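Below is one structure, written out as structure tokens; the observations come after it.
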Amino acid sequence: MTTLPGVDLTAVRTAVAVADAGQFQDAATTLSITQQAVSKRIAALEKDLGVRLFTRTARGARLTIDGQAFLPHARELIRAAERAAASVRPGSRALRVDVIGRRLCPAGLLRDFHRAHPDTELDVVTLFDADAAIAAVRSGTIDASFRAVTLPARQLPDGVEAAWVFDEPIQLLTGPAHPFATARTVTPAQLAGHRIWMPGIVAGTEWAAYYEDLATEFGLTIEVTGPDFGTEPLLDTIADSSSLATFVGADTRLVWPADQDLRRVPVHHPTPVYPHSLIRRTDNPHPALTTLRTYLGSTRPADRADGVWTPRWAR
């Protein structure tokens, strides 16, 4: 069976330098190494390839027929290596950020950032939950993720950091026949005894932890029964019901037909807020990540607003 010999890229670069210079000594000067080192690299490369690439003449080094055949491929190999290095060099590739869902608040935060920094290339992804996001940040699959972090900071993996960036108020979404459809605001206490339907809650996720704590704190009934068919069927059900409502983030982008006449009702006294944090590796050198963190820091309030409620793990 024929095998492809291992080729040392440094030796390939040396061969191209000799071909361009026409002299071993001139190539050595270009590469800032000794002529002996050039000779050793060429000899090792010729041994790996099983052919002679150069013949020495009174005028210097001349490519053999095999060397002439090898040279254009050697140049392409070097160009490919340079392109590969450039593709991951900090600042030369897109910043890859997880936003949970494209209709949700983190996607809006990232859109605002891009409007402020339109030259920044972004690769936007949506991962399932915080565990997957933290693992992806840790492994370097993504650069950052917007999440509600239920873990204490000391339990995050080494080298991974989460910083609070935004509190998103929670609103009640009702149909026109619901008792709170005409309310200007409601309090969490007023919601006790009313059915709040959220079939998209998945056990073990950060949003499940958030709404479980919210329900426990204010004695709410949050139902997760029934299959989750997506946003549109949920809105259809809420629009037609006089007893079911659901929670949505104030910055969640929802569009529904005018005849559904859905209502967003702010919740106050206190205002439940969903705490978004940015997760990143502390040693990630991507300059756009630094720009993103600076931007988020400039738009975030110095302190959490008065009159809000968050779970204990977010305080």
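The values are calculated or read from the model by the stated rules, or taken from the named source; none is laboratory data. Quick caveat: nothing in here was measured; it's all calculated off a predicted structure. Note that we place each Cβ from the backbone using ideal geometry, even for glycine, and neighbour counts take in every protein chain shown. Just the protein is used for accessible areas: all its heavy atoms, side chains included, with ligands, DNA and RNA removed. Shrake-Rupley method; radii C 1.70, N 1.55, O 1.52, S 1.80 Å.
Observations, loosely collected:
- When each of ASP131, ASP158, ASP123, ASP167 is tested for being assigned to a loop (DSSP other than H, G, I, E, B), open to solvent by 20 Å² or more (accessible area, probe 1.4 Å) and among the acidic types (Asp, Glu), the lone residue that passes is ASP158.
- Residue list for segment 243-273, filter: among the hydrophobic types (A, V, I, L, M, F, W, C), surrounded by 15 or more Cβ atoms within 10 Å (Cβ to Cβ) and over 12 Å from LEU172 (Cβ atoms): TRP256, VAL273
- Filter pass, VAL186 being closer than 30 Å to VAL265 by Cβ, open to solvent by less than 20 Å² (accessible area, probe 1.4 Å) and at pLDDT 95 or above: yes
- Qualifying residue in segment 238-251 (condition: over 20 Å from ALA314 (Cα atoms) and among the aromatic types (Phe, Trp, Tyr)): no
Results for (1) more than 30 Å from VAL248 (Cα to Cα); (2) free of Cβ contacts under 8 Å to residues at least 24 places away in the same chain, shown as yes or no for each residue.
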position: ARG41; (1), (2): yes, no
position: ALA44; (1), (2): yes, no
position: VAL51; (1), (2): yes, yes
position: GLY67; (1), (2): yes, no
position: PHE70; (1), (2): yes, no
position: HIS73; (1), (2): yes, yes
position: ARG83; (1), (2): yes, yes
position: VAL99; (1), (2): no, no
position: ALA116; (1), (2): no, no
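- The test for being outside the structural domain of GLY249 (by the TED database) and within 26 Å of the chain's Cα centre (by Cα) does not hold for PRO72.
- Scanning segment 34-60 for residues that are in a loop (DSSP other than H, G, I, E, B), open to solvent by less than 60 Å² (accessible area, probe 1.4 Å) and either over 16 Å from GLY22 (Cα atoms) or not assigned by the TED database to the domain that holds GLN23 (or both) turns up just one, VAL51.
- Tally, over segment 274-315, of residues that are touching a Pro at 6+ places or on another chain (Cβ under 7 Å) and either loosely packed, with under 12 Cβ neighbours inside 10 Å or over 13 Å from GLU217 (Cβ atoms) (or both): 5
- Qualifying residue in segment 71-81 (condition: closer than 30 Å to GLY22 by Cβ, open to solvent by less than 60 Å² (accessible area, probe 1.4 Å) and either part of a loop (DSSP other than H, G, I, E, B) or β-branched (Val, Ile, Thr) (or both)): yes
- Of all residues in segment 235-261, those that are more than 21 Å from LEU214 (Cα to Cα) and in contact (Cβ under 8 Å) with a residue 24 or more places away in the chain have Cβ atoms under 6 Å from Cβ atoms of residues that are of a type in the set (Gly, Ala, Ser) and open to solvent by 20 Å² or more (accessible area, probe 1.4 Å), 6 or more apart or on another chain, in SER242/ALA177.
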